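Trainee: After the structure tokens below, expect a handful of questions from me.
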């Protein structure tokens with residue numbers, strides 16, 4: 001839905017360059033003239049926030065590598081060296097460690113926004129699947145990054161997660177040994193995780209490029225969930241409207257982020273990771289970083305090793321099939337009264353699974369985790385397909401402009 | 001149908017297939033080292049065996065030694081522990097194995113100290129069977145290192161080892 005670029009360079013040099021590489025025109029049509037639906041709310045600012053977080057993580061990460069040593073004998077001490085000796089090292093490291101958490105906060109909001117407003121539905125299936133791929137890459141990147149400080153949680157988290165692959169029948173043990181480069185998590189493992197942790201963010205950046213490209217082909221969804229029909233009436237230019245709204249959302253988000261960095265930098269971490277890795281002693285209670293907890297709860301809810309691993313990966317993979325599991329023709333939950341209830345129960349179930357993932361795996365916790373796991377999968381496999389057939393939806397506005405006018409009837413009529 | 005006779009193979013088809021096959025073999029040969037380099041290297045393989053003096057382990061005691069980067073438990077079992085694990089009906093176990101198949105001498109049990117669920121180190125003299133208990137996900141092992149309850153699918157692995165003398169074993 002991108003219109004023709006109206007970009008005309010004002011200078012002679014600009015025109016000379018533009019006729020040879022029209023990159024300024026591409027930027028102009030993508031981020032200045034690009035038409036955005038006029039009814040976007042603040043939940044739509046998280047795309048820009050995520051872009052900022054990716055850049056922030058890459059910048060702080062590249063700096064940390066200048067002071068970090070990827071070796072089992074030195075890694076832990078080099079982190080303390082960063083914290084105590086390197087100029088501003090404490091701030092850069094806390095920004096990076098909390099930045100990972102903020103990245104996931106933003107991506108979960110971004111994903112739930114898509115889930116609420118039906119952003120995965122035609123014609124945005126490919127856009128959504130690219131997002132699922134980015135999310136998977138983020139999880140892999142975050143996991144490997146957490147191993148690098150070589151604390152107790154780093155080591156044992158790496159041990160538990162790499163052992164997940166040993167559940168694969170026949171070749172599982174060979175794959176695990178191959179991942180480790182030895183018979184346990186050790187120096188070769190640390191080195192390859194470091195290499196991949198540096199690589200994956202750039203792969204994320206590449207897929208983000210595809211994600212944005214796909215977005216600009218099909219156009220943004222919006223809170224009304226109806227497509228743009230008239231560019232003049234339904235949309236406004238990206239700059240200044242969306243640019244400034246995104247900037248304001250980003251500032252609020254940065255306040256939240258900074259509060260963690262400067263006031264409670266270890267709140268989201270784990271004290272055990274300030275103990276150097278010891279292959280002979282497992283911490284009493286291994287927990288992954290908070291953003292993996294719901295999946296960890298699903299893993300432990302299934303009383304079988306292979307079954308637990310399949311359920312955990314399935315919980316992520318099922319997101320890619322969402323465009324075809326949801327049979328409703330109405331996109332936005334604003335016009336789906338029953339779906340809206342199930343959606344919020346789903347959010348609660350995810351939070352509940354997150355809590356259960358942080359608790360020891362016994363008694364009532366396991367039973368609760370099983371119930372919530374059943375709901376997690378039931379939401380996608382049973383509720384979504386059936387609801388589209390039976391739900392009585394509210395009338396959907398004919399156009400985005402109508403939706404805006406209906407909401408602000410009094411002020412609109414005053415014009 | 002009259003159109004069936006047009007697909008006689010030509011010398012050019014043969015050249016395409018041969019080129020494609022050579023390219024596939026070439027790509028495979030080029031990728032193989034890139035994949036293989038991630039497997040354990042020569043220095044890791046060289047650390048494959050270790051000798052342990054077991055004379056200092058008291059009856060009922062467990063010595064933990066490091067072998068291939070992993071803990072190995074050497075347990076000097078008491079007469080009661082031996083009697084208990086030998087009395088268990090083998091076919092009631094999740095991973096049925098007689099105690100006699102897991103030891104060379106009944107008083108000495110040697111097992112890899114890595115939970116067969118997800119690789120944590122189980123804690124000795126804990127759990128319902130006073131064997132090992134894994135704090136990560138609750139797997140319970142007996143004094144023969146056999147899984148009795150919990151998510152672990154298999155018994156604790158018995159490494160290859162030999163008695164060099166009455167007081168010394170070589171693991172690996």
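The values are calculated or read from the model by the stated rules, or taken from the named source; none is laboratory data. Note that the structure is a prediction, hence the values are computed from the model and not measured. Methodologically, a virtual Cβ is constructed for each residue, glycine included, from the backbone with ideal geometry; neighbour enumeration extends over all protein chains shown.
Trainee: Here are the criteria: (1) out of contact with any strand residue (DSSP E or B) (no Cβ under 8 Å at 6 or more places or on another chain); (2) closer than 26 Å to residue A:302 by Cα. Tell me which single one residue B:101 does not satisfy.
Mentor: (2)
Trainee: Scanning the stretch A:258-291 for residues that are away from every other protein chain (no Cβ under 14 Å), surrounded by 15 or more Cβ atoms within 10 Å (Cβ to Cβ) and not in a loop (DSSP other than H, G, I, E, B), which turns out farthest from the chain's Cα centre (by Cα)?
Mentor: Across the stretch A:258-291, the extreme among qualifying residues is A:276.
Trainee: Looking at residue A:255, is it surrounded by fewer than 18 Cβ atoms within 10 Å (Cβ to Cβ) and modelled with pLDDT of 95 or more?
Mentor: yes
Trainee: Take residue A:196 and decide whether it is touching a helix residue (DSSP H, G or I) at 6+ places or on another chain (Cβ under 8 Å), within 14 Å of chain B (Cβ to nearest Cβ) and either crowded, with 18+ Cβ neighbours inside 10 Å or in contact (Cβ under 8 Å) with a residue 24 or more places away in the chain (or both).
Mentor: The answer is yes for residue A:196.
Trainee: Right, here's the next one. Within the stretch A:1-94, considering only helices (runs of 4 or more DSSP H) that don't extend past its boundaries, which have at least 1 residues that are within 30 Å of the chain's Cα centre (by Cα) and not assigned by TED's automatic domain parsing to the domain that holds residue A:148?
Mentor: Output list reads A:23-31.
Trainee: Moving to a separate point now. Checking residue A:388 against (1) within 27 Å of the chain's Cα centre (by Cα); (2) modelled with pLDDT under 95; (3) within 25 Å of residue A:289 (Cβ to Cβ), only one condition comes out false. Which one?
Mentor: Failing condition for residue A:388: (3).
Trainee: Of the numbered conditions (1) in contact (Cβ under 8 Å) with a residue 24 or more places away in the chain; (2) within 14 Å of chain B (Cβ to nearest Cβ), residue A:304 satisfies every one except a single condition; which is it?
Mentor: (1)
Trainee: Still on this model: Whether any residue in the stretch A:383-406 is in contact with a helix residue (DSSP H, G or I) (Cβ under 6 Å, 6 or more places away or on another chain), surrounded by 15 or more Cβ atoms within 10 Å (Cβ to Cβ), free of Cβ contacts under 8 Å to residues at least 60 places away in the same chain and not in a helix (DSSP H, G or I) is what I want to check.
Mentor: No; the residues of the stretch A:383-406 include none that is in contact with a helix residue (DSSP H, G or I) (Cβ under 6 Å, 6 or more places away or on another chain), surrounded by 15 or more Cβ atoms within 10 Å (Cβ to Cβ), free of Cβ contacts under 8 Å to residues at least 60 places away in the same chain and not in a helix (DSSP H, G or I).
Trainee: Looking for something assigned by TED's automatic domain parsing to the domain that holds residue A:80, at pLDDT 95 or above and within 24 Å of residue A:82 (Cβ to Cβ) - is there at least one such residue anywhere in the stretch A:125-140?
Mentor: Yes.
Trainee: Have a look at B:9, B:71 and point out the one that is more than 30 Å from residue B:155 (Cβ to Cβ) and either free of Cβ contacts under 8 Å to residues at least 12 places away in the same chain or within 14 Å of chain A (Cβ to nearest Cβ) (or both).
Mentor: None of the other options fit; the residue is B:9.
Trainee: With the requirement that a residue be touching a helix residue (DSSP H, G or I) at 6+ places or on another chain (Cβ under 6 Å) and either within 14 Å of another protein chain (Cβ to nearest Cβ) or in contact (Cβ under 8 Å) with a residue 24 or more places away in the chain (or both), what does the stretch B:74-94 give you?
Mentor: B:85
Trainee: Working carefully through the options A:307, A:314, A:357, A:363, find the one that is at pLDDT 95 or above and not assigned by TED's automatic domain parsing to the domain that holds residue A:126.
Mentor: It is A:314.
Trainee: Got a sec? Which of A:167, A:205 is over 19 Å from residue B:43 (Cβ atoms), more than 9 Å from every other protein chain (Cβ to nearest Cβ) and either in contact with a strand residue (DSSP E or B) (Cβ under 8 Å, 6 or more places away or on another chain) or in contact (Cβ under 8 Å) with a residue 60 or more places away in the chain (or both)?
Mentor: A:205 is the lone residue from the list that is over 19 Å from residue B:43 (Cβ atoms), more than 9 Å from every other protein chain (Cβ to nearest Cβ) and either in contact with a strand residue (DSSP E or B) (Cβ under 8 Å, 6 or more places away or on another chain) or in contact (Cβ under 8 Å) with a residue 60 or more places away in the chain (or both).
Trainee: Could you please give the count of residues in the stretch B:22-59 that are closer than 15 Å to residue A:182 by Cβ and either in contact with a helix residue (DSSP H, G or I) (Cβ under 8 Å, 6 or more places away or on another chain) or in a helix (DSSP H, G or I) (or both)?
Mentor: 10
Trainee: Okay, moving on. Name the one entry in A:161, A:134 that is within 14 Å of another protein chain (Cβ to nearest Cβ), assigned to a helix (DSSP H, G or I) and touching a residue at least 24 places away in the same chain (Cβ under 8 Å).
Mentor: A:161
Trainee: In the stretch B:103-135, how many are touching a residue at least 24 places away in the same chain (Cβ under 8 Å), part of a loop (DSSP other than H, G, I, E, B) and within 14 Å of chain A (Cβ to nearest Cβ)?
Mentor: Residues in the stretch B:103-135 being touching a residue at least 24 places away in the same chain (Cβ under 8 Å), part of a loop (DSSP other than H, G, I, E, B) and within 14 Å of chain A (Cβ to nearest Cβ): 7 in total.
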